[in-house]
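Values in this text are rule-based calculations from the coordinates and carry no lab data. These figures come from a predicted structure and were not determined experimentally. Quick reminder, even Gly has a Cβ in these numbers, built from the backbone with ideal geometry, and neighbours come from all protein chains shown.
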Amino acid sequence: MQRALVLLIIPLFLWSCSNQKETTHSVPPMKSSALSFDPHSAAQSNAIVKHLNWTAKVDTELEMIFATANYTIQTKPDAEEIVLDTKNLNIGEVRVDGKKVKFTLGENVPYLGRALHIPIESSSKEIEIEYVTEANAEALLWVKTEGQAPFMFSQSQAILARTWLPCQDSPSIRFTYSADVTVPEGLIALMSAENPQQKSESGKYHFEMKQPIPAYLFALAVGDLSFKSLDERTGVYATSEVLDFAHAEFQDMPNMVNVAEELYGAYAWERYDVLVLPGAFPFGGMENPRLTFATPTILAGDKSLVSLIAHELAHSWSGNLVTNATWNDFWLNEGFTVYFEQRIMESLYGKSKAEMLATLARQDLNATLAELPAEDTHLKLALENRNPDDGMNDIAYNKGYFFLRTIEEKVGREKFDAFLKNYFQSHAFGVMTTEGFIDILTSELLNTEEAEVIGLEKWIYSPGLPSNTATVESGELNKVDALRLMWEGEEIQNNDLPWNNWSYQERYRFLSNVNFNLSLSKIQSLDADFHISKIGNSEVLFAWFMLSIQAKNEAVFADLAQFLEKVGRRKFVAPLFEALVISGYKSVAVNIYLHTRPFYHSVTQNTVDELLEWGIEERK
Ligand SMILES: [Zn+2]
């Protein structure tokens with residue numbers, strides 16, 4: 001997944017769903033037989049799922065999925081029940097080896113939902129669950145735009161798969177699946193599986209996912225979509241009005257896959273396609289295997305934001321192939337992926353582009369470190385009784401990246417690459433804990449002296465950034481900083497800034513560091529001269545809106561409101577609302593949110609609800 005920004009004023013306790021009253025029960029104790037303790041799943045290791053046969057009917061009118069989940073299971077001799085995670089699912093009949101059984105649903109636990117207990121015997125082979133999703137299932141967003149076909153997509157990470165599939169929703173449990181999905185005529189269904197490239201007349205689609213995946217990678221999208229191939233193993237899905245634009249923007253994708261394979265070994269998932277979702281998608285991208293789900297905000301028109309595709313592609317190794325055992329080990333998914341993304345970018349676009357990105361990553365990381373409580377800045381997190389979403393920030397991504405880069409610089413790139421390639425191969429389709437990785441690191445790569453110099457314990461279990469963190473330097477961004485200071489000090493004027501020659505990274509660097517206490521007319525002159533409010537690059541636009549809010553440049557608020565109406569990506573939406581609140585514009589924020597909230601996915605809603613204390617009266 002693409003990184004999210006950290007927000008200043010979010011209380012530690014996030015509401016998982018504003019439409020739902022939740023009581024505060026503590027997490028039930030895990031049985032001693034638990035595989036590896038996952039605080040966010042009720043699954044037990046003595047009975048686990050191995051394969052799913054999913055039959056589903058997607059009703060875009062009712063905004064519900066009517067489904068049957070048939071699982072092949074694996075049991076140990078002491079197994080008396082199999083436990084699945086569910087949240088807001090209406091469970092109908094449950095059968096074990098074809099025979100109806102009496103199941104029980106546990107108490108509703110905040111964030112986690114209700115554990116589904118199904119009695120089995122150690123000889124049981126198969127469980128079958130009939131169920132219906134609720135209209136407000138948190139993973140699913142049903143997009144209805146006047147004059148357009150309905151669109152639906154899922155976002156299961158971290159623990160939302162359980163809101164549309166009863167499942168063992170722990171990243172440590174993998175299963176293969178096949179699916180038969182019926183959708184309204186004229187629409188196509190796509191999954192994290194072998195996908196159709198054309199619509200079927202009947203609205204029926206069959207899917208096979210032969211490589212085992214954890215539940216958070218179970219994904220579905222339904223819409224009026226077309227496909228266009230890039231080469232024999234990559235392509236793009238999008239609505240017809242976006243397809244050609246996206247196809248042109250992603251021209252480098254086949255090369256990216258080749259470069260990634262050269263770095264860390266064969267691509268294990270056969271095809272790599274990208275699906276462009278509506279603007280309401282809450283993330284930059286989601287690495288659903290075989291089919292990355294992506295925000296349309298990366299379609300800048302000049303391929304400038306393709307690092308996001310490099311990131312999601314890199315997850316095909318880090319995360320999807322070798323998976324964090326629990327969300328406390330999330331940096332294993334994301335830190336590795338940022339490192340890998342950087343290497344792809346360097347191979348394709350050169351060292352100086354990659355160093356610009358790394359320098360901006362450091363800028364973001366510094367801001368995050370200044371905002372988060374110290375205990376949340378460890379690489380290894382302790383998210384028990386919390387929403388795992390709390391750990392989805394720059395620490396996992398960028399502190400993780402700098403840890404790996406520091407190791408690379410200590411041992412040398414050649415040695416580190418050989419180690420990583422072997423790591424992905426040896427642990428393919430497996431799970432990894434932080435402790436397990438450190439063991440591998442010290443037995444296969446680092447000698448005692450190197451391990452001590454790097455300070456592994458400090459990196460993993462201490463707050464902040466160790467003093468030996470690899471330094472990054474970008475000549476281009478240094479020049480931007482120097483020019484900005486001269487511009488702020490009136491030594492140079494707007495026309496002395498090489499704005500039109502700057503890459504998006506340089507523009508972003510400039511705008512995200514401008515002193516917002518400068519005179520309003522000086523800030524506004526940037527827009528007058530460079531037309532920033534109308535720019536196509538969402539990152540630059542975001543930096544401009546942030547600066548404008550802080551500088552009280554109300555002239556852009558209409559454009560800002562428009563942006564927030566069509567973009568639901570949390571990385572942009574949440575900091576913008578937060579900046580409005582901090583800068584004394586809470587009523588402006590509330591007025592905008594009144595219109596935009598229904599358009600956002602629950603992931604974005606939950607964060608902004610908290611920021612704006614939305615619906616606090618109903619929640620009491
Ligand atoms: Zn990611």
- [ ] Rounding to the nearest 20 debye, state how big the charge dipole of the chain is about its Cα centre with +1 on each Lys and Arg Cβ and -1 on each Asp and Glu Cβ.
- [x] 540 debye
Open item on the list: Please list, by residue number, every one of the trypsin sites (Lys or Arg not before Pro) in the range 40-105 that is coil in DSSP and has at most 12 other beta-carbon atoms within 10 Å.
Closed with: Lys102
Task: Theoretical gain in end-to-end length, Phe245 to His206 [0.36 nm per residue, Cα-Cα removed] - done: 11.2 nm
Task: Gln425-Thr471 FRET efficiency (beta carbon distance; Förster radius 41 Å; 0.05 resolution) - done: 0.85
TODO: Give the angle, between 0 and 90 degrees and rounded to the nearest 10, that separates the Cα long axis of helix 413-426 from the longest principal axis of the Cα atoms of the chain.
DONE: 20 degrees
Open item on the list: Tell me the angle of helix 253-264 to the major Cα principal axis of the chain, expressed in degrees between 0 and 90 and rounded to the nearest ten.
Closed with: 80 degrees
Open item on the list: Give me the one-decimal nm value for the distance between modelled label points at Asp496 and Ala555, 7 Å along each residue's Cα-to-Cβ direction.
Closed with: 2.2 nm
Open item on the list: Only sites in a loop by DSSP and with at most 16 other Cβ atoms within 10 Å count here; which GluC sites (Glu not before Pro) in the range 199-302 make the cut?
Closed with: Glu201, Glu232, Glu270
TODO: Just need the relative contact order of the range 475-619 here, percent rounded to a whole number, with Cα pairs under 8 Å and 6+ apart.
DONE: 17 percent
Task: Computed FRET value (nearest 0.05) for Lys228 with Glu488, which takes r as the C-beta separation and R₀ as 35 Å - done: 0.15
TODO: Determine the relative contact order of the chain: mean sequence separation of Cα pairs under 8 Å and six or more apart, normalised by residue count, in whole percent.
DONE: 14 percent
Open item on the list: Can you show me the helix-derived [θ] at 222 nm for the chain, built from DSSP H runs with n ≥ 4 at -39,500 (n - 2.57) apiece and divided by the number of residues, rounded to the nearest 500.
Closed with: -10500 deg cm²/dmol
Open item on the list: Tell me which of Leu141, Ala79, Gly98 sits at the most positive position along the dipole axis of the range 47-314, charges placed on C-beta atoms (Lys, Arg +1; Asp, Glu -1).
Closed with: Ala79
Open item on the list: If packing is taken as the average count of other Cβ atoms within 10 Å, what order do 106-119, 155-168, 514-527 fall into, highest mean first?
Closed with: 155-168, 106-119, 514-527
Open item on the list: Using alpha carbons only, how many angstrom separate the centre of the range 456-522 from the centre of the range 86-135?
Closed with: 53 Å
Open item on the list: Between 0 and 90 degrees, rounded to the nearest ten: what's the tilt of helix 538-550 against the longest Cα principal axis of the chain?
Closed with: 70 degrees
Open item on the list: Run through the range 410-479 and list the GluC sites (Glu not before Pro) located in a DSSP loop whose Cβ has at most 12 other Cβ atoms within 10 Å.
Closed with: Glu473
Open item on the list: Calculate the FRET efficiency for Lys76 and His51 from the Cβ-Cβ distance with a Förster distance of 25 Å, rounded to the nearest 0.05.
Closed with: 0.90
Task: Within-14-Å neighbourhood charge of Val556 [Cβ basis; K, R +1; D, E -1] - done: -1
Task: Part-to-part distance (alpha-carbon centres) for the range 198-226 and the range 237-268, which is given in Å - done: 19 Å
